[in-house]
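Structure first, commentary second.
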Amino acid sequence: MGSKQKLLPRERLPRHVAIIMDGNGRWARRRGMPRQMGHQRGAKVFREISLYCADRGLQVLTVYAFSTENWSRPQKEIDTIMDLLRDYLRDALTIFRDKNVRVHFLGDVSVLAKDIQDMIRETEESMHVHDGMILNIAINYGARAEIVRGVQQIAWDVKSGKLPLDAINADLLSQKLYTAGQPDPDLIIRPSGELRLSNFLLWQSAYSELWFSDVLWPDFKVADLEQAFWDYDRRNRRFGGV
Ligand code: IPE
Ligand code: IPE
Ligand code: MG
């Protein structure tokens with residue numbers, strides 16, 4: 001980032017920023033490279049941006065890394081993404097040493113390879129005591145599946161007599177989601193030119209500000225993020241009021 005870019009004061013930053021890390025494949029194809037190379041480059045950008053956000057003092061950063069629909073991709077591409085996840089989990093504790101970051105996974109990780117599940121558990125457990133930025137990594141995440149899972153938990157409690165029907169409300173469902181206890185995203189960022197949410201945080205995004213950019217994720221810079229923060233600062237959030 002150019003040193004001339006003035007930073008939005010910390011107290012005006014969004015508390016929770018969520019990013020759809022999109023455009024890896026197109027970045028690679030435009031260079032005549034296999035899509036996998038785009039994912040490698042995208043993983044590097046993810047490390048840089050997440051470290052920057054921790055230093056910048058965000059409360060929560062959520063990144064969309066792999067959706068419930070991404071299993072429909074060629075197996076070779078899925079394998080690359082899972083290997084990058086392995087690399088990341090191996091490094092996570094070192095990357096965030098002294099940063100007090102707490103990594104948390106959103107999505108059904110029970111279908112991932114056993115070694116990945118073990119590393120996820122270790123990472124979450126060893127960072128559990130940290131009280132700095134929460135870094136949510138959405139893997140095998142889909143908002144519809146997340147909501148269905150929450151509804152099933154509630155239905156179970158009603159069926160077993162633990163919960164009266166009229167105790168079901170929006171707050172209760174929020175507490176059954178992977179983001180339970182966290183503020184809803186204030187700002188959702190999607191690079192790569194696509195103007196859609198692609199099954200990301202559908203419940204939590206009810207009043208999120210959306211910010212789109214044509215930059216592909218592997219080209220995404222801290223300066224783009226800071227631009228999004230300034231644009232966010234200019235929004236007038238009314239939440240249905242006047
Ligand atoms: C985002 O980049 C990463 C994942 C979905 C895993 P894409 O792989 O979707 O890249 P494009 O959108 O095809 O360019
Ligand atoms: C959303 O991107 C999922 C992630 C970035 C992980 P996709 O590339 O899967 O979304 P669509 O297919 O363009 O909607
Ligand atoms: Mg995409």
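From the list Ile189, Ile137, Ile168, the lone residue that is within 16 Å of ligand 2 (Cβ to nearest atom) and touching a helix residue (DSSP H, G or I) at 6+ places or on another chain (Cβ under 7 Å) is Ile189. Filtering Leu51, Leu58, Leu7 for residues that are in a loop (DSSP other than H, G, I, E, B), in contact (Cβ under 8 Å) with a residue 40 or more places away in the chain and within 18 Å of the chain's Cα centre (by Cα) leaves a single hit, Leu58.
Residues considered: Val17, Val45, Val63. Of these, the only one that is within 16 Å of ligand 3 (Cβ to nearest atom), part of a strand (DSSP E or B) and of a type in the set (A, V, I, L, M) is Val63. Contact map, region 198-219: residues that are in contact (Cβ under 8 Å) with a residue 12 or more places away in the chain paired with residues that are in a helix (DSSP H, G or I) and among the acidic types (Asp, Glu), Cβ distance under 8 Å, separation 6+ or inter-chain. Pairs shown: Trp203/Glu146; Trp211/Asp231; Ser213/Asp224; Val215/Asp224.
Selection within region 203-241: residues that are aliphatic (A, V, I, L, M) and assigned to a loop (DSSP other than H, G, I, E, B). The member of this set that is farthest from Arg149 (Cα to Cα) is Val215. Do we find that Met37 is of a type in the set (A, V, I, L, M) and in a loop (DSSP other than H, G, I, E, B) in this structure? When the stated conditions are applied, Met37 does not pass them. What about Ala18, is it on the phi < 0 side of the Ramachandran plot, under 15 Å from the mean Cα position of the chain (by Cα) and either within 15 Å of ligand 2 (Cβ to nearest atom) or at pLDDT 95 or above (or both)? Answer is yes for this residue. Of everything in region 220-231 that's under 18 Å from the mean Cα position of the chain (by Cα) and closer than 20 Å to Arg196 by Cα, which residue is nearest to ligand 1 (Cβ to nearest atom)? Step by step, filter region 220-231, then rank; the result is Phe220. The set of residues in region 88-133 being in contact with an Asp or Glu (Cβ under 9 Å, 6 or more places away or on another chain), charged (D, E, K, R) and farther than 27 Å from Trp203 by Cα consists of Lys99 alone.
Rundown of residues vs (1) more than 15 Å from the chain's Cα centre (by Cα); (2) crowded, with 19+ Cβ neighbours inside 10 Å; (3) at pLDDT 95 or above, yes/no style:
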position	(1), (2), (3)
Val101	no, yes, yes
Val109	no, no, yes
Arg121	yes, no, yes
Asn136	no, yes, yes
Asn140	no, yes, yes
Arg144	yes, no, yes
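The values are calculated or read from the model by the stated rules, or taken from the named source; none is laboratory data. Predicted model only: the values in this text are computed from it and were never measured. All Cβ positions, glycine included, derive from the backbone under ideal geometry; neighbour counts span all protein chains shown.
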